[in-house]
Amino acid sequence: MRHYTALLKPYRWWVVLALLMATLTVLANVGLMSTSAYLIARAAQHPYTILLLWVPIVGVRFFGTSRGVFRYLDRYVSHNVTFQLLKELRVYVYRKLEPLIPSRLQAFHTGDLLSRVVSDVDTLQNLYLGLYAPPIVALLSTIVILGLMAYFGVALALVLAVFLVLAGVVVPVLSQWSAGGLTARMVQARGELSTELVETIHGNTDLLVLGQEARHLEKLGALVRAWALRRIRLHWLAGLSAGIMQALNNGAMWLILVLGIGMVTRGALPPVLLPVVVLLTLASFEAVNALPPAFQMRGQISAARTRINEIVDQTPPMFAGQKTLEAAGLDGKAPAVQLHDVRFRYHSTTPWVLDKTSFDVLPMQHVAVVGPSGAGKSTLSGVLSQLWPYEEGHILINGVELSDLRVDAMPHLIGVVDQEPHLFDTTLRENLLLANPSATPTQLQEALRIAQLESLVNELPDGLETPVGEHGFNFSGGERKRVAIARVILQNAPILVFDEATEGLDALTERRLIQELRQWAKNKTVLWITHRLVNLDVMDQVVVLAQGRVVEQGPAETLGRQRGLFQRMRESEIQTFAWNADAV
Amino acid sequence: MNPRLLKEVKSVQTLLGLVILQGVLSGILIIAQASVLALIVSRVFIGHQTLASVQHLLWVLLAIIVARAVLTWLGETGSLALATRVQSSLRMRLTQRLLNAGPLYVHAQKTGELVNTLIQGIEDLEPYLARYVPQIAITALVPTIILVEAFSRDWITGLILLITVPLIPFFMILIGRQAESSTKRQWETLSRLSAHFLDVLQGLTTLKLLGQSAGQARGIERASDEFRRATMASLRIAFVSALVLELLASLSMAMVAVAIGLRVIPGRMPFETAFFLLVLVPDFYLPWRMLGTRFHDGLNGMEAAKRIFEILDAPELAKAGGTMRPAAVDAQPIVLNRVGFQYPGRSEPALQGVSAVVKPGERVAVVGPSGAGKSTLLALLMGFAVPTSGTIALGDTPFTSLDLAWWRQHVMYLTQNPYIFAGTVADNLRMARWDATDAEIRRAAERAGAWEYIAALPQGWQTVLGEGGTGLSGGQKQRLALARAYLKDAPVIFMDEPTANLDPETEAELWGHLEALLTGRTAVVVAHRLSTARRMDVVWAMNHGQLEQVGAPRELERVPGLYRELIQAYAPLPEEGHYASLHRAAETL
């Protein structure tokens, strides 16, 4: 927890101000009630002049007005602190995650994982407002209240202290403790119930086909009853603790009244102060009101923190390469790429994805990489761009070991259009400029032309300023791919890897795109990863991967005659009716 | 309060009665407590009585305090418990309705949103029913009772309270509305910021490939700061509502205190009354403040209730319509006579004027571009809905008088994405036939080509599979579905190209097992591949919801028409010799 708290440090004066305002809000109410009681008690003694009431009247008016102001300032300042904290949390988590993606976070489903990180960060923003502020405010205001009460009578202060601690700490802790086991069982019951409910929807067809309606309802009914039973027991506890909290507030008042009457009888307390101590007690419980929710918040926050730590505390992968491209003699001309017995796996317990993969690509050669799904095609692009480190074998770029090169030099060496290129939720132009912030309008236009986006952009009313939407969903899959292609053209690296770049395109556009792209990239080394096998005659070579190994290699025409895996896959593809070409 | 929630759910009426009772009782108890307290303090302070002489009053006060605590306890527990009952009953009703509505309805919805309503939406009803609704009752009752009592004791105090009464809701609504929209905007910007953060994290790989990942921390910081400044500006206004409400409550307290204080001096008001009023005033404003906070707790539940009733109104498309159960299902033709179907709320029919016959033992391939109505046709044959025009009949029995649930017991339907339920492999298979013996299950799994991998699972067929069969590949799930089909042993099979999502090797293997299943049964198969169509006896070529061509596959290939267009539409580069390779391919499979 400490390093998250440290994030608040630059804002400590804001924090102090927020705490002060929150405390004053509570105290203003206590002041209002006490001075009001004093006012009428003093008035009941029929003072000879109203001037004697001048001080309590001013007090009443002051506290009555100031409470709203304090409340307002408290709200404002503490929210400012929260937002600052949120910003610091995000930057912190980003800095920690940056080196871990994608190589260390493969084990998780990254999509879910990242949304969880984001919502956990959102939970952690309550660190100040939900977790730290309530006990501090409670403590500060309790000290003042008890000090005031001690002035009237030490015994009264002691009694009040005991009741405040009971209401603010003991009861919430006890009720959480007694609900602990029940809550866990309830969460489990809810989990089972959720599974069953999800199945109603996702398994709807199969439930009907298999005639399971009655059985499903019966099973669900049992789960709902089990859930409700646990839930009601929890409710019973929740109601009980609400009742106890109220009893403590009024009970404290009762006991102080009894003690006060005794003191008045004994002459230890001026009678005029009896109404004051009674109302002071009633008002004082606002000081501890925020504590029970803070106890609940603690669980949520520590769960969120644990989850985030689990992720960000992983050791980043070692990319130890020190050579710059200049030092390695890679001057921007298309290099040769050679793979010798390269082995790679996502995790030390999972099978090899690339298993002694070997093939050579000459400078300026265009090579298609094909193979059944799971053959390791897409992994190749990650390994070549040093997103993932290969474990064995060699990848030589013009004879230089890839892992000796600095990882931050990779974008200048290799451009990748990966299988699911990410478009950021901003304009088309900003997405393109990400690859080359200094690209000229002419370069942009050229990239759009090659990527077959020109007519699309011209048709858009806002042209390049069109927002692409979340994940680029304003555009179709094929359009998103082409934006990524335009981006990689602007990046202008000497080696290019296209992973299923023409997916979702109609045959005509696909053909044109390939022609333009090949023309533009004629001086570059290109790997063309694809599952579409019918247009590959234009490539210099085809490499067929299966289970991480190269099983066939050669020009498409030669492979077609061999009747091996390549030809079998191609035949199956032709078999598919056209209307499904994209779905398969 | 959602009127249908009140009307249709009994527990809600009980709940409402309970909270009204609680409101009245707590109003009375608050007044009782204040009166006794004022009496005691006044007797000691003004009347100089001793502890002993007010002892009995103190016990009465304690009794009231205990009664209030018990009331709170029972009230909270009661309303929470009733909320749970409402939730339970709605969950069951929603599930029942979704089963009656069937896949045609479910798949027309956003399934993620449906799941969310069923799980989170129902959960959200609890704060709405158990916190917000009772608070409304309390806010309506307790201040009113206090107001009446205040008037009866002192009309000036009553007037001060009465003036602020409409002011509070007025300001709550006036500022609340502004605050709500600006709070809403605030949450929108906040969630947009979260979305931006998520966007950057999800695009980190792309950023790395483009060499831009290092600079993004700055970007996040800048965006956060901009959002913060904008949000704080709008919050400045939103928090005014807190200011005004707080001011109203505390200022009127101050006004009451000064007003009565000044009348106590000349003895125009006894101390007891003054103190009584002073104790009562905070309790007058407390419910209003609580209402503000609980309103937000209840907001999601209010929205959820609307959506829940929408789902409860879903058309019961798949509900068994009739009771007829004709004999000898396997000897009856399935007759389609001008079948048309229009989805509720759509302007275009999905199917129109489809007339055809599936003879017993005949195997039909349905082909056509996406949107041609192929899947709708299968859904109608399955009895997931009845045609909106024309009829489908089993022999002489129209589907409208058929017991559709019974019909579904005699047919099997294989989809592209079979659903695997949470539970063991054996449970998943037994769903097809509950009385199946272990030997029968094994035999079915073997025939489906599933036995090998089932046996390799950690606990064999007792291995527990996760929701949706997580961890199983598409081919493995498809084999489980096939094993279910073998177990069910239905005379009629409907299939929606079950191998469409599989790689060629797996597909070829699975077809071997499918072929065996189809032998000797009536089948209607939606075909996405030419090879599939060619395996069948008859092809139905569909387009725009209409049946355009019927005939044997080889014959249709020779005549111009939709079927031939579909085959030819897949156009690789012309110089590739497409037809040669196509025919060669067809021979090999």
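The values are calculated or read from the model by the stated rules, or taken from the named source; none is laboratory data. Values in this document were obtained by computation on a predicted structure and should not be read as measured data. Please note: Cβ atoms are built from the backbone with ideal geometry, for glycine as well, and neighbour counts cover all protein chains shown.
Taken over the stretch A:519-534, the criterion of being at pLDDT 85 or above, surrounded by 16 or more Cβ atoms within 10 Å (Cβ to Cβ) and not polar (S, T, N, Q) is satisfied by A:520, A:521, A:524, A:526, A:527, A:528, A:529. For the stretch A:16-35, the count of residues that are in contact with a Pro (Cβ under 8 Å, 6 or more places away or on another chain) and assigned to a helix (DSSP H, G or I) is nonzero.
Conditions (1) more than 13 Å from chain B (Cβ to nearest Cβ); (2) in contact (Cβ under 8 Å) with a residue 24 or more places away in the chain, marked per residue:
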| site | (1), (2) |
| --- | --- |
| A:390 | yes, yes |
| A:394 | yes, yes |
| A:415 | no, yes |
| A:429 | yes, yes |
| A:441 | yes, no |
| A:444 | yes, yes |
| A:458 | yes, no |
| A:475 | yes, yes |
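For first residues located in the stretch B:154-165 and free of Cβ contacts under 8 Å to residues at least 40 places away in the same chain, partners that are hydrophobic (A, V, I, L, M, F, W, C) and part of a helix (DSSP H, G or I) and lie 6+ apart or on another chain with Cβ distances below 6 Å form the pairs B:158/B:150; B:158/B:151.
Against the numbered list (1) crowded, with 19+ Cβ neighbours inside 10 Å; (2) within 28 Å of residue A:572 (Cα to Cα); (3) not acidic (Asp, Glu), residue A:386 comes up short only at (2). Against the test of being within 23 Å of residue A:54 (Cβ to Cβ) and free of Cβ contacts under 8 Å to residues at least 40 places away in the same chain, the options B:233, B:257 yield a single qualifying residue, B:257.
Quick grid of which residues meet (1) hydrophobic (A, V, I, L, M, F, W, C); (2) touching a strand residue (DSSP E or B) at 6+ places or on another chain (Cβ under 6 Å); (3) under 30 Å from residue A:382 (Cα atoms):
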site	(1), (2), (3)
A:11	no, no, no
A:16	yes, no, no
A:26	yes, no, no
A:54	yes, no, no
A:88	no, no, no
A:93	yes, no, yes
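Working only within the stretch B:239-254, note down all residues that are more than 20 Å from residue A:55 (Cα to Cα) and more than 7 Å from chain A (Cβ to nearest Cβ).
Filtering the stretch B:239-254 down to residues more than 20 Å from residue A:55 (Cα to Cα) leaves B:239-249.
Within the stretch B:239-254, B:240, B:241, B:244, B:245, B:248, B:249 qualify.
Which one of these is within 17 Å of residue A:362 (Cα to Cα), of a type outside the set (S, T, N, Q) and either in contact (Cβ under 8 Å) with a residue 12 or more places away in the chain or surrounded by fewer than 19 Cβ atoms within 10 Å (Cβ to Cβ) (or both): A:564, A:554, A:548?
A:554
Of the helices (runs of 4 or more DSSP H) lying entirely inside the stretch B:74-164, those carrying at least 2 residues that are of a type in the set (Gly, Ala, Ser) are B:133-153. One residue alone among B:465, B:517 is closer than 25 Å to residue B:334 by Cβ and buried (at least 17 other Cβ atoms within 10 Å of the Cβ), and that residue is B:517. Selection over the stretch A:166-213 of residues that are hydrophobic (A, V, I, L, M, F, W, C), crowded, with 16+ Cβ neighbours inside 10 Å and in contact (Cβ under 8 Å) with a residue 60 or more places away in the chain gives a count of 4. Taken together, the residues in the stretch A:254-301 that are more than 8 Å from chain B (Cβ to nearest Cβ), aliphatic (A, V, I, L, M) and assigned to a helix (DSSP H, G or I) amount to 14. In the set (1) under 22 Å from residue A:238 (Cα atoms); (2) crowded, with 21+ Cβ neighbours inside 10 Å, the condition left unmet by residue B:41 is number (1). Based on this model, can you work out whether residue B:551 counts as out of contact with any helix residue (DSSP H, G or I) (no Cβ under 7 Å at 6 or more places or on another chain), small (Gly, Ala, Ser), surrounded by fewer than 24 Cβ atoms within 10 Å (Cβ to Cβ) and touching a residue at least 24 places away in the same chain (Cβ under 8 Å)? Considered against the rule, which asks whether it is out of contact with any helix residue (DSSP H, G or I) (no Cβ under 7 Å at 6 or more places or on another chain), small (Gly, Ala, Ser), surrounded by fewer than 24 Cβ atoms within 10 Å (Cβ to Cβ) and touching a residue at least 24 places away in the same chain (Cβ under 8 Å), residue B:551 comes out as no.
Among the residues of the stretch B:417-435, the one identified as within 14 Å of residue B:460 (Cβ to Cβ) and not in a helix (DSSP H, G or I) is B:424. Once the stretch A:46-56 is narrowed to residues that are surrounded by fewer than 21 Cβ atoms within 10 Å (Cβ to Cβ) and within 9 Å of chain B (Cβ to nearest Cβ), the residue that is nearest to residue B:267 (Cα to Cα) is A:46. For residue B:74, the conditions (1) within 26 Å of residue A:234 (Cβ to Cβ); (2) surrounded by 23 or more Cβ atoms within 10 Å (Cβ to Cβ); (3) within 10 Å of chain A (Cβ to nearest Cβ) are fulfilled apart from (2). Can you spot a residue in the stretch B:404-411 that is surrounded by fewer than 19 Cβ atoms within 10 Å (Cβ to Cβ), closer than 20 Å to residue B:326 by Cα and among the small types (Gly, Ala, Ser)? Within the stretch B:404-411, one or more residues are surrounded by fewer than 19 Cβ atoms within 10 Å (Cβ to Cβ), closer than 20 Å to residue B:326 by Cα and among the small types (Gly, Ala, Ser). Taking the stated definitions as given, is residue B:90 over 27 Å from residue B:152 (Cβ atoms) and in contact (Cβ under 8 Å) with a residue 60 or more places away in the chain? For residue B:90, the condition - over 27 Å from residue B:152 (Cβ atoms) and in contact (Cβ under 8 Å) with a residue 60 or more places away in the chain - is met.
For the stretch B:81-96, a residue qualifies if it is surrounded by fewer than 23 Cβ atoms within 10 Å (Cβ to Cβ) and more than 10 Å from chain A (Cβ to nearest Cβ), and exactly one does: B:93.
Quick test for you: out of B:364, B:386, pick the one residue that is of a type outside the set (Gly, Ala, Ser) and over 34 Å from the mean Cα position of the chain (by Cα). Exactly one of B:364, B:386 is of a type outside the set (Gly, Ala, Ser) and over 34 Å from the mean Cα position of the chain (by Cα), namely B:364. Selection of first residues in the stretch B:360-389 that are at the interface with another protein chain (Cβ under 9 Å from one of its Cβ atoms) and of second residues that are assigned to a strand (DSSP E or B) and of a type in the set (Lys, Arg), restricted to Cβ pairs under 9 Å at least 6 apart or on distinct chains, gives an empty result.
Restricting attention to the stretch B:443-459, the residues that are in a helix (DSSP H, G or I) and surrounded by fewer than 14 Cβ atoms within 10 Å (Cβ to Cβ) total 3.
For the structure I just gave you, tell me whether residue A:353 is touching a residue at least 40 places away in the same chain (Cβ under 8 Å), buried (at least 20 other Cβ atoms within 10 Å of the Cβ) and over 29 Å from residue A:519 (Cβ atoms). The answer is yes for residue A:353. Among residues of the stretch A:48-69 that are in contact (Cβ under 8 Å) with a residue 12 or more places away in the chain, those with a beta-carbon under 7 Å from a residue that is not in a helix (DSSP H, G or I) at least six positions away or on a different chain give the pairs A:53/A:47. When each of B:552, B:508 is tested for being touching a strand residue (DSSP E or B) at 6+ places or on another chain (Cβ under 9 Å) and either within 13 Å of chain A (Cβ to nearest Cβ) or farther than 24 Å from residue B:350 by Cα (or both), the lone residue that passes is B:552.
Could you check how many residues of the stretch B:32-70 are within 13 Å of residue A:247 (Cβ to Cβ) and either outside any helix (DSSP H, G or I) or facing chain A (nearest Cβ under 8 Å) (or both)?
Looking only at the stretch B:32-70, we keep the residues that are within 13 Å of residue A:247 (Cβ to Cβ), and these are B:33, B:61-70.
In the following step, the residues that additionally are either outside any helix (DSSP H, G or I) or facing chain A (nearest Cβ under 8 Å) (or both) were identified as B:33, B:61-62, B:65-66, B:68-70.
Residues that pass the stated criteria total 8.
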